[in-house]
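Asks: This is the structure I have questions about; it appears just below.
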Amino acid sequence: MFKRFLALLLTVLIISANFTRLFIYAGYEVNQKYIAEKLCENRNKPWLNCHGRCYLMKKIKQAEDKERSTERQIQKSLFQDAVTTAAFSLKFHAVLLQQISSNYASMQPQQVSPSLFHPPQAA
């Protein structure tokens, strides 16, 4: 039961993150009269017929800016993780190569019996 609830919650969160414009527009449609009377920048200029659209556009722009900044932060953190991982990887490979070359230099050829290397005998 808990897993289903968690899966549903995560699905709703992912969908809501992708549809922020839709939610802003729906909120505008529901509260259009209040926005036009109280929050509109052009409420004192009725000849412009704004009816709160300026407020809607401002909110959409804010959401886009927030989305861009969040995207930049994600890209920045991914880049930092990649650089950190690459630096660790290079150090690891350098140590590994140094270990392999020192072991390879100290190896002696093995004594192999020549009887191993002969053609098969016919039966």
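Asks: Based on this model, can you work out whether CYS54 counts as surrounded by 11 or more Cβ atoms within 10 Å (Cβ to Cβ) and in a helix (DSSP H, G or I)?
Replies: Against the criterion (surrounded by 11 or more Cβ atoms within 10 Å (Cβ to Cβ) and in a helix (DSSP H, G or I)), CYS54 qualifies.
Asks: Being within 17 Å of the chain's Cα centre (by Cα), at pLDDT below 80 and either among the β-branched types (Val, Ile, Thr) or not in a helix (DSSP H, G or I) (or both) narrows it down to one residue among VAL112, VAL83, VAL95; which is it?
Replies: VAL83
Asks: Sort out which residues of region 13-49 are outside any helix (DSSP H, G or I) and either acidic (Asp, Glu) or at pLDDT 85 or above (or both), and write them in order of number.
Replies: Within region 13-49, ASN31, GLU41 meet the criteria.
Asks: Please go through region 24-48 and pick out each residue that is surrounded by fewer than 12 Cβ atoms within 10 Å (Cβ to Cβ) and within 30 Å of the chain's Cα centre (by Cα).
Replies: Residue satisfying the conditions is ALA26 alone.
Asks: Yes or no: region 13-25 includes at least one residue that is in contact (Cβ under 8 Å) with a residue 40 or more places away in the chain and of a type outside the set (Lys, Arg).
Replies: Yes, region 13-25 contains at least one residue that is in contact (Cβ under 8 Å) with a residue 40 or more places away in the chain and of a type outside the set (Lys, Arg).
The values are calculated or read from the model by the stated rules, or taken from the named source; none is laboratory data. As the structure is a computational prediction, the values presented were derived from the model and not from experiment. Positions of Cβ are generated from backbone atoms using ideal geometry, with glycine treated the same way; all protein chains shown enter the neighbour counts.
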